[in-house]
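Engineer: Here you go, one structure.
The values are calculated or read from the model by the stated rules, or taken from the named source; none is laboratory data. Predicted model, so just to flag it, every value in this text is computed and none were measured. Glycine gets a Cβ as well: all are built from the backbone with ideal geometry, and neighbour counts include every protein chain shown. Areas reflect the complete protein model, heavy atoms only, side chains present, ligands, DNA and RNA absent. Shrake-Rupley method; radii C 1.70, N 1.55, O 1.52, S 1.80 Å.
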Amino acid sequence: KGIGGVAITEKIRLKAAILSYLGEQVPLIYCLEAEPQQGEEEQKVEERLLYPLECFIFGEDPSVGLEKLQQYSGSSSAQQCGRVFKEGETVYSCRDCAIDPTCVLCIECFQKSVHKSHRYKMHASAGGGFCDCGDLEAWKTGPCCSQHDPGTSVTMETVQFIFWNLIDVDFFSMNTIVELTSCLGVRGEDTYFCVLYNDEHHSYDHVIYTLQRAIACDQNQAQIYTALIDKEGRKAVKRGTLRSCQQAKDNIRRNSEHIIQKPLRVEILHTAIMAHQTFALRLGAWFQKIIGYSVGLREVFCQVALEPAADDNNPCLISRLMLHDAKLYKGARKVVHELIFSSLLMDTEYKRQFAMKFTEHYKQLQEDFISDDHQRNISITALSVQIFTVPTLARQLIDEGSVIKVIIDTVMDMMREHLDSNQRFHFQGHNPDKFFRVQVIFHDLRYILISKPSVWTETLREKFLEGLHVFLRFLCCMQGMEEVKRQLGQHVEVEPEWEAGFSLQMQLRHILAMFQDWCSSDERVLLLAFQECHRALMSCTNQPFRSEPTDSYMCKQILHARPYKVSQEPVSIHLPISRLLAGLYVLLCQTGAIQYLPDFVDTLNFTELAEQPLRCVVLAAQVCADMWRRNGLSLVSQVYYYQDLKCRDEMFDKDIIMLQIAASKMDPNHFLMLVLLRFELFDVFNGNSSSKDQEVVKQWNRLTEEMLYLIIIIVGERYVPGISNVTKEDVTMREVIHLLCIQPMAHSSLVKNLPENESHETWLETVVSKVAIFKKPGVSGHGLYELKKECLKEFNPFFYHYSRPQHSKVRALRPPVPPPFCPGFSNIVYLLCCDIFIHILRRIFQKAAEDRSSRWTEPMIQRVWLLLPHTVSLSSSSVSCVVFAQSVQDKEKAERKRKAEAAKAHRQKIMAQMSAMQKNFIESNKMLYDNMPESSIQSDTAASVESRVAVGPEQGVCSTDWGAQICILCQEEQEVQAQAPAMVLTACVQRSTVLTQDRGKTLSPEGCYPLFMPPDLAVGTHTGSCGHVMHATCWQKYFEAVQNTTRNRLHADLIIDLENGEYMCPLCKSLCNTVIPLIPVEPSKLNYESAELVGQHLTLERWVQIMSSRIRGLRAAEEAMVLFDECQADFRSILSFGVQEPKFSRSITEMLGVCATTVHRVGLQTAPNDLCPYVPVMSWNTCAYTIQAIESMLQEEGKALFGSLQNRQLSGLKALVQFSASQRLKSRKAVIQKHFADMLAVLVPVPTVENAPSILEVDFFHLLVGLVLSIPALYQEEAVDLQPSAVSTAFNHLYLLHLVTMGHMLQVLLASHGPEEGEEAHAAAELFSIMSQHTDGLFSLWYTVKCQVYVYLMCIQLPLLCSYLSLPSNLFQLFQQHRDVVTNLIKRWCGNAAISKALKGEMQIIRYPRKRNRLIDLPEDYSVLLNQASHFKCPNSSDDERKHPTLCLQCGVMLCAQSPCCQQQLNGEEVGACTAHAAICGAGVGMFLRVRECEIILMASKTRGSPYPAPYLDDYGETDPQLGRGNPLHLCPERYRKLHHMWQQHCILEEIARSLELLNVMFPFEWQMI
């Protein structure tokens, strides 16, 4: 049937059938359980409801119907993007092409548009807007990206008959949300929900507390409920009978009232109603999908939404939705707004109709918003930015809807309650929240005026002037509001309210400028606007005078004016109409329309026009003279903002302009007399007033300075278009010059100190290159602009926009010649040659010539000297003025000359004394100077002949003496000796994954760790030091003092962890958690003859036999076993090479225990335990890991292995090695001996050890360190405390190094791959053949592999290193030298079962050389990261709510930070995704980049963290945290390298502590929730 053939009864029957079906099915799908399964619900909805509706729409299978629809339409893609932004999503605005700053693009459209190569800004969306790609009125050029470039579209006339079936369903779906009960009856069982709604009064903690008390849920469940309530706007917290739900409701309201007087909003809903409301939200998303199929579908939806109701008393559907918006909860509002975005706002005509409806209901919508407590971004009123900023639409709304009048009338009605009896605003006791919401309406007025018309029509003129008239009525209520009166005698008791008035002024700042801009574009409008403004000013109820005029006489001049004293009468700083009139007058002069002004306005009384602005200027001067001190800080703050950048262009600057207007039109003598009267200096300069009160004299002097400064401003400040022939570019250039004259400034600082227009543009980029030179930043800081020297000539020390602190920084130079006045203002210069001005100069010079210095000041004279040369003509009276001035100048010159001579004599006397002292010192220390060169030569010679071998019988003497050390606390010097009190080095022990080859792996003492460090170095223990030395007793006292003082400090636990022994270094404030004792070691001189004899008999094979016998003997002695004679001889033979072990003082022994306990506790994350057998092992491990970390750092920096360490690193490493070597003295002998036997069993057979790990399962450097530091324990027995002699030590170290080197080479060969050629490869072939015999042929796969240990060692200068370590330059010769022993060892090493698993691929193998870890590579353009973040999907949440994509810089994983959806349990505590990830990836230390905030987060442990600048800079060398400025950002390699060094050198914890130390944290941040 055709559409027209459908009977009314048939449509009613269809509607009833659909409603009946939905009323039956929806309760069977939704809200069947308290916690529904969303997946099952969605499947049922698709099958039972949405699929039948789609079949009903298309009349056939939806996929078939959609295919036909696309064939008819020709294209299913829209020409506008219309993507709705979520909160926090990054949006882009082109500074070159956008009509206004509200025109933005989504990241996909931006990447595919021409604007990517333009000047653009990026910022985070507040949510609720949509992408303007494809909107021709939003862009000057490039309105479409490549994806939405308009193509061909076909009118869908042939398929519209299938759309009318949507009408009833459409109406039903919307009506379901608003008035569900009237459409559907309640069916099903009598089960109810207790629903809790969101509000902005109760905090998260309040709601959680209330839920725990009211419905008896645990904290985790209450947190989940609260998060859902905040996100969706409501949540059913209980399901049950009506009585149980009512009880829960009463409990919630009662408990919430205890916290805040206003209870939480709670409702009880039947399950059927709840189900239909839930389905209505799903239906809204379905509608978006359906209308997205085709433009025609969207048009039909718009027609339905805008179709007038059958009943004239009811508005259309879209009007009903808008009017009910404030009654909906957050989730429903979002669905409705997104539906409007995707339908009505996508088409120009329907957008116009919607805008008319919006304007029609504007007042009611704003009233609902003000009474609502939800934020604006989820209010229907936020849609105003989408319609009011369209230029053609804004004109149409002005013409047809009088939108300017509507907006201002709405504001006026909202603020009528603040009017006093004089019809002026008075905000004392106002509601800040409501007032803030009212001010938001001004944004809409700014949107309407943001683009001025190029063509005016009569209707547009009429409606605009109508709006201006209403606006002037509003300004009349501000004119003279909140008057202040000087407080005398007693200080004001209650500070008056002033913030509201200035907040209103700031909102109107750009609106006033835009009204003037609109008026300037049409001459007739400008003249009529001036007429209206003048009429409004004359009609204001606050009359400026309260007494009759009187005559004042000075220099034969008479001024007829009304008496008024600012210090005695009420005065207001708010004069918007006077200032608007001044702005319009300048525009009349600029456009030339001033000639027609007499036809519109009668004669102007310029004395009256200047009266009120002059009062404001005098008020500021009197406040500066401390005459209003008893009025409190409120008045000081008002005067500050009056002259501050935020308000000055429409307050102070306009007052100056009005005074310039009056000065150009009034008699100059009368004008200056009026100024003297209002400054209350008339009698002072007339000689009729004198005072002995020094306070009064100071006030007069200060007022005289301010009055002269005002004259300088009136005469000299001409950089205003219309007052002189300058452009806006000239004005900006002058501002920049005067800012840079103070100091070099960053680009952001310049922008902050420059006035911006309604589009937030300062035009800095157009002028800064002309006046300044840009200096790029270094590794820290930011780029700076420095003023060009040739621009200094434009500097004016009396620049009227300087604040008082800025005035104090500038140099006193003669100002430049200002540009000439325009003809309308040329008479101002006559102020400088009138009789009154000459009289003022004479009186000041007379005071300066007198001996009483209290009657004049230096600034006063400076101002006079500035004005004097500009006097255009001199009368007879002015000659005497010059004579006085000359006498004053001569007097000042004489005084300066006397002071200069006295200072010169004083300097000569001091220099003579210093010269005598220097000669005396040299004579008394002559011997010291004579001996220095000789001692240095001797030391160099000794160093040159010293042996360069470190290991074996040919090793040289190594100096280990600490020398005398100075305590940084008591400043006393002490030698480091064995029996002396201990001296300690500050240190910080921390877990590290800097060297890991398997990130994310954790280690525990349950396996071979910590005795055997795995080759992947998964988690190590690093010990660093700042190199500062203290007495142990001084450190203990300092640590106790830190504990006592820190416990009383606010949030001190965020900086240092007292429970874990942390403190700050007293000198450099580095974070420390232990101390390393300085161990004195006596250098042992090796007897080379004895070593040579021993070496002839002690081969590696013999050494292995002796070690095995010694280990077996110690085990036998422990178990009381009897040894054979041969074994007995070998068992005791080792003691013949022992010497007496050193004894340390009790203080040193205690410090050894303190440091070892800390290393053990931190490294294994366990409780302190001195008796744990792993205490010495962890000391050896931290020594090995720290050395490896330093070696990796030196390689990264391209430095040599030796001689490249800083003194603090060298001192720390030296102390750490000696501390680790001394652990055998602190621990039990049997424990150390067992550890040595277990470690040696990896290399050689040890009878007492079984199941030793394979050579592929250990890190050989850790093994080497452990063996070297523990082997002296073999020389100890119960009755014998010896240590190895120098000869024994040399051979022990040599053979341990040989064994470990060969084992490591075999480890490398087993894990290597890739063919190589060369001599070493041939040498490796022989070794391969031996290995293949013992690996069952499995190793044949690796036969062509070259030994990568050679490649690895070549990069660190192998020949020199081998010589230093007493190794052959060809390392494979080790296997040939020890062939007899090595053959059996290789058989044993390769015969381990783990080797077979590794060669079969059943076990992970670490390749060598190990990769050197770095932070991840970041893209050069920051927008690439933002693009990645825009595609990030939270793994634990399917919603589109704002997320905080956070990038781990260690591994590159993108995380969902600060979100409840990704919280995890860590040690029984709920933590955020980043904290949990840092525990695995970085052993608790994390470095993350918050992409949307452009900020680095440093984390250490669960409770500590700090922000850090991101390594991305804009073109001006500055970072942009929170993307506040929005400039394009690019990676700075130097800064990223600095971050890498911080991470590699384990300085993250130190950086966090230092940053927190500088911040005074009042409210701690929960870092564990990131």
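Engineer: Looking for whichever is under 34 Å from the mean Cα position of the chain (by Cα) and among the charged types (D, E, K, R) here; the options are 333, 416, 395, 352. Which one fits?
Structural biologist: Just a single option satisfies the conditions, and that option is 333.
Engineer: Does residue 529 satisfy the condition of being open to solvent by 10 Å² or more (accessible area, probe 1.4 Å) and either under 23 Å from residue 448 (Cα atoms) or basic (Lys, Arg) (or both)?
Structural biologist: So residue 529 fails the test.
Engineer: Residue 1036 versus (1) in a loop (DSSP other than H, G, I, E, B); (2) at pLDDT 90 or above: which is the lone unmet condition?
Structural biologist: In the conditions (1) in a loop (DSSP other than H, G, I, E, B); (2) at pLDDT 90 or above, residue 1036 misses (1) alone.
Engineer: Is it the case that some residue within the stretch 836-850 is open to solvent by less than 70 Å² (accessible area, probe 1.4 Å), part of a loop (DSSP other than H, G, I, E, B), among the basic types (Lys, Arg) and out of contact with any Lys or Arg (no Cβ under 6 Å at 6 or more places or on another chain)?
Structural biologist: no
Engineer: Would you tally the residues in the stretch 501-541 being farther than 16 Å from residue 575 by Cβ, among the aromatic types (Phe, Trp, Tyr) and in contact with a helix residue (DSSP H, G or I) (Cβ under 6 Å, 6 or more places away or on another chain)?
Structural biologist: Number satisfying all stated conditions: 1.
Engineer: Just give me the residues in the stretch 560-572 being of a type outside the set (Ser, Thr, Tyr), in a loop (DSSP other than H, G, I, E, B) and open to solvent by less than 10 Å² (accessible area, probe 1.4 Å), in sequence order.
Structural biologist: 566
Engineer: In the stretch 754-790, what residues are aliphatic (A, V, I, L, M), at pLDDT 90 or above and either open to solvent by 50 Å² or more (accessible area, probe 1.4 Å) or closer than 28 Å to residue 1539 by Cα (or both)?
Structural biologist: Result: 773, 784.
Engineer: A follow-up question, please. Check the stretch 702-721 and report whether any residue there is more than 27 Å from residue 492 (Cβ to Cβ), in contact with a helix residue (DSSP H, G or I) (Cβ under 6 Å, 6 or more places away or on another chain), part of a loop (DSSP other than H, G, I, E, B) and in contact (Cβ under 8 Å) with a residue 60 or more places away in the chain.
Structural biologist: The answer is yes; a qualifying residue exists.
Engineer: Here's a follow-up. Report, by residue number, each residue of the stretch 628-640 that is part of a helix (DSSP H, G or I) and crowded, with 21+ Cβ neighbours inside 10 Å.
Structural biologist: Once the filter is applied, which keeps residues that are part of a helix (DSSP H, G or I) and crowded, with 21+ Cβ neighbours inside 10 Å, the stretch 628-640 yields 635, 638.
Engineer: So which residues in the stretch 753-779 are free of Cβ contacts under 8 Å to residues at least 12 places away in the same chain and outside any loop (DSSP other than H, G, I, E, B), if there are any at all?
Structural biologist: Passing the criteria: only 769.
Engineer: For the stretch 680-727, give me each residue that is open to solvent by 40 Å² or more (accessible area, probe 1.4 Å), of a type in the set (S, T, N, Q) and within 22 Å of residue 558 (Cα to Cα).
Structural biologist: Scanning the stretch 680-727 gives 686, 688, 689.
Engineer: Across the stretch 240-270, what is the total count of residues that are closer than 30 Å to residue 18 by Cα and either of a type in the set (A, V, I, L, M, F, W, C) or in contact with a Gly (Cβ under 6 Å, 6 or more places away or on another chain) (or both)?
Structural biologist: 3
Engineer: Could you count how many residues in the stretch 1136-1182 are touching a strand residue (DSSP E or B) at 6+ places or on another chain (Cβ under 7 Å) and either aromatic (Phe, Trp, Tyr) or in a helix (DSSP H, G or I) (or both)?
Structural biologist: Total satisfying the criteria: 13.
Engineer: While we're on this one: Please work out which one of (1) outside any loop (DSSP other than H, G, I, E, B); (2) of a type outside the set (Gly, Ala, Ser); (3) within 30 Å of residue 637 (Cβ to Cβ) is the condition residue 801 fails and give its number.
Structural biologist: The failed condition is (1).
Engineer: Still on this structure, I have one more. Filter the stretch 1086-1128 down to the residues that are in a loop (DSSP other than H, G, I, E, B) and over 13 Å from residue 952 (Cα atoms), then identify the one that is modelled with the highest pLDDT.
Structural biologist: 1120
Engineer: Restricting attention to the stretch 1486-1540, which residues are open to solvent by 30 Å² or more (accessible area, probe 1.4 Å), polar (S, T, N, Q) and more than 10 Å from the chain's Cα centre (by Cα)?
Structural biologist: Once the filter is applied, which keeps residues that are open to solvent by 30 Å² or more (accessible area, probe 1.4 Å), polar (S, T, N, Q) and more than 10 Å from the chain's Cα centre (by Cα), the stretch 1486-1540 yields 1501, 1503.
Engineer: Then there's this: Could you check residue 604 against (1) open to solvent by 20 Å² or more (accessible area, probe 1.4 Å); (2) farther than 25 Å from residue 679 by Cβ; (3) of a type in the set (A, V, I, L, M, F, W, C) and say which number it fails?
Structural biologist: Condition (2) is where residue 604 drops out.
Engineer: Here is a check on your reading of the model: is residue 597 out of contact with any Gly (no Cβ under 9 Å at 6 or more places or on another chain), part of a helix (DSSP H, G or I) and open to solvent by less than 10 Å² (accessible area, probe 1.4 Å)?
Structural biologist: Spelling it out, it is not the case that residue 597 is out of contact with any Gly (no Cβ under 9 Å at 6 or more places or on another chain), part of a helix (DSSP H, G or I) and open to solvent by less than 10 Å² (accessible area, probe 1.4 Å).
Engineer: In this structure, is residue 992 modelled with pLDDT of 90 or more, touching a helix residue (DSSP H, G or I) at 6+ places or on another chain (Cβ under 6 Å) and crowded, with 18+ Cβ neighbours inside 10 Å?
Structural biologist: Against the criterion (modelled with pLDDT of 90 or more, touching a helix residue (DSSP H, G or I) at 6+ places or on another chain (Cβ under 6 Å) and crowded, with 18+ Cβ neighbours inside 10 Å), residue 992 does not qualify.
Engineer: Among the residues that make up the stretch 258-271, is at least one of them within 30 Å of residue 56 (Cα to Cα) and more than 37 Å from the chain's Cα centre (by Cα)?
Structural biologist: yes
Engineer: Run down 1054, 1050 and say which single residue is modelled with pLDDT under 80, under 30 Å from residue 1565 (Cα atoms), open to solvent by 50 Å² or more (accessible area, probe 1.4 Å) and among the hydrophobic types (A, V, I, L, M, F, W, C).
Structural biologist: 1050
A quick yes/no check of all residues on (1) farther than 26 Å from residue 749 by Cα; (2) touching a Ser or Thr at 6+ places or on another chain (Cβ under 8 Å):
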residue	(1), (2)
1477	yes, no
1482	yes, yes
1495	no, no
1499	yes, yes
1510	no, yes
1528	no, yes
1533	no, no
1543	yes, no
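Engineer: Can you pull out every residue in the stretch 226-249 that is open to solvent by 70 Å² or more (accessible area, probe 1.4 Å), in a helix (DSSP H, G or I), charged (D, E, K, R) and in contact (Cβ under 8 Å) with a residue 24 or more places away in the chain?
Structural biologist: 232
Engineer: Please count how many residues of the stretch 961-979 are at pLDDT below 90, assigned to a loop (DSSP other than H, G, I, E, B) and open to solvent by less than 50 Å² (accessible area, probe 1.4 Å).
Structural biologist: So the count comes out to 4.
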